[in-house]
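Colleague: Just passing along the structure, written as structure tokens.
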Amino acid sequence: MYKVVTPKSDAEFEAYFHFRWEHLRQPWNFPPGSEKDEYEQVAEHRIITNRKGDIVACGRVHLNTAEEAQIRHIAVHSDHQRKGLGQMIMAALENVAKDLGAERAVTNSREISIDFFSSCGFKIEREAPNELGMLKRQQMVKKFTENNSLILHPKWCKSLQETWSETIPITEHMGIKLYQYTGRTLETRASLNKNINIHGTMFAGSIFSLATLTGWGMIYLQLKERGLDGDIVLGDGDIHYHKPITMKPRAICNIETLSGKFKPLENDNKARFELSVAILDGDTPVAEFEGVFYVLPLSKNEEE
């Protein structure tokens, strides 16, 4: 399972800066220390870690003005590329920028990164100053709106939200909304006000429901990706709580946690899947959910 984490201790920052240098500066023969600049103390830093706690991606954001945020130092370990981690770190940084009140984000992209930033909604505005005096870059801009998060296959995502509302009424009562879907990562969010207990924190049962529906939603969208259909049911669910949620309930399911075979459904047989969902309060991990889901072929259900 991948987690977005904010480095806090000296050791975490040391590992973070080393990762930045190793992936963004060392390939160009720049010495250690060249990965840092004058904005480190006023910037927000984020890393993605794997199950072992190793850093596999990183990024940084700081405000240029009250309205403009600058995103820099996006890097993903070569062994973990093409898993949606670039979009995952970008989404985390954009959320930080929006929380800080920014109305737009800018980034100075090298030629090899333009396609990635374009896929995240950025557009080339003009040529930017060369990086470290030699690396040619283009300045790219993304204007924030109420909902310009990354939504792949918007029709499927709309269908999922409607299915939740029509067949799982608790979704509406909890204020659960699909926030983004990249094809590899599904993020949902819930209303804290609709799920708050006498302690001012989110009900444990609501957290479990948010995790379950997010896992359910990931399987729903993966069925759509393959042109399949079926009734999705929860077989078993286990959740570990670490901290209460007091601000912004979020659930993230990454496709790398999904295991199981879709082939049985093609032959009208039941399929079994396991997956993990990370629960966060803003960017702070607070719980992990492990679920077993079954997909029942529609033809057999209709016969019964």
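The values are calculated or read from the model by the stated rules, or taken from the named source; none is laboratory data. Note that the coordinates shown come from a computational prediction; the quantities given were computed from them, not determined experimentally. In this analysis, Cβ positions are derived from the backbone assuming ideal geometry, glycine residues included, and neighbour counts consider all displayed protein chains.
Colleague: Of the conditions (1) within 27 Å of ALA102 (Cα to Cα); (2) modelled with pLDDT of 95 or more, GLU38 clears all except one; give me its number.
Modeller: Among (1) within 27 Å of ALA102 (Cα to Cα); (2) modelled with pLDDT of 95 or more, the lone unmet condition for GLU38 is (2).
Colleague: Search the stretch 243-256 for residues that are closer than 13 Å to ALA278 by Cα and pair each with any residue that is among the hydroxyl-bearing types (Ser, Thr, Tyr) and assigned to a helix (DSSP H, G or I) when their beta-carbon atoms are under 8 Å apart and the residues are at least 6 apart or on different chains.
Modeller: Listed by first residue and then by second, the contacts come to PRO249/SER206; ALA251/THR214; ILE252/THR214; CYS253/THR214.
Colleague: I would also like to ask the following. When you go through ILE279, ILE252, ILE207 one by one, which is the residue that is at pLDDT below 95, closer than 25 Å to GLU166 by Cα and in the same structural domain as THR185 (by TED's automatic domain parsing)? Give the derivation first.
Modeller: On the way: ILE279 fails: at pLDDT below 95; ILE207 fails: at pLDDT below 95.
ILE252 is the lone residue from the list that is at pLDDT below 95, closer than 25 Å to GLU166 by Cα and in the same structural domain as THR185 (by TED's automatic domain parsing).
Colleague: Now for a separate question. Of the residues that sit in the stretch 246-260 and are hydroxyl-bearing (Ser, Thr, Tyr) and surrounded by fewer than 18 Cβ atoms within 10 Å (Cβ to Cβ), which one is nearest to ASP281 (Cα to Cα)?
Modeller: Among those residues, the one meeting the criterion is THR246.
Colleague: For a quick check of your reading: which strands (runs of 3 or more DSSP E) sit entirely within the stretch 24-129 and have at least 1 residues that are touching a residue at least 60 places away in the same chain (Cβ under 8 Å) and buried (at least 21 other Cβ atoms within 10 Å of the Cβ)?
Modeller: 44-49
Colleague: Would it be correct to say that VAL4 is of a type in the set (Val, Ile, Thr) and at pLDDT below 90?
Modeller: Yes: the conditions hold for VAL4.
Colleague: Can you tell me which residue in the stretch 189-226 is surrounded by the most Cβ atoms within 10 Å (Cβ to Cβ), limited to those that are over 25 Å from TYR294 (Cβ atoms) and charged (D, E, K, R)?
Modeller: Checked the stretch 189-226; the qualifying residue surrounded by the most Cβ atoms within 10 Å (Cβ to Cβ) is ARG189.
Colleague: Six or more apart or on different chains, Cβ atoms under 6 Å: show the pairs whose first residue is in the stretch 168-197 and under 25 Å from ILE89 (Cβ atoms) and whose second is assigned to a strand (DSSP E or B) and of a type in the set (Asp, Glu).
Modeller: TYR179/GLU187; GLN180/GLU187
Colleague: Then there's this: When only residues in the stretch 131-156 that are crowded, with 16+ Cβ neighbours inside 10 Å, assigned to a strand (DSSP E or B) and at pLDDT 85 or above count, which is nearest to the chain's Cα centre (by Cα)?
Modeller: That would be LYS142.
Colleague: Is one or more of the residues making up the stretch 234-245 surrounded by 22 or more Cβ atoms within 10 Å (Cβ to Cβ) and touching a helix residue (DSSP H, G or I) at 6+ places or on another chain (Cβ under 9 Å)?
Modeller: yes
Colleague: For the stretch 36-57, indicate whether the set of residues that are touching a Phe, Trp or Tyr at 6+ places or on another chain (Cβ under 7 Å), over 27 Å from ILE252 (Cβ atoms) and of a type outside the set (Ser, Thr, Tyr) is non-empty.
Modeller: Checking the stretch 36-57: at least one residue is touching a Phe, Trp or Tyr at 6+ places or on another chain (Cβ under 7 Å), over 27 Å from ILE252 (Cβ atoms) and of a type outside the set (Ser, Thr, Tyr).
Colleague: Hey, could you check the stretch 261-287 for residues that are surrounded by fewer than 18 Cβ atoms within 10 Å (Cβ to Cβ) and of a type in the set (Asp, Glu) and say which is farthest from THR49 (Cα to Cα)?
Modeller: ASP268
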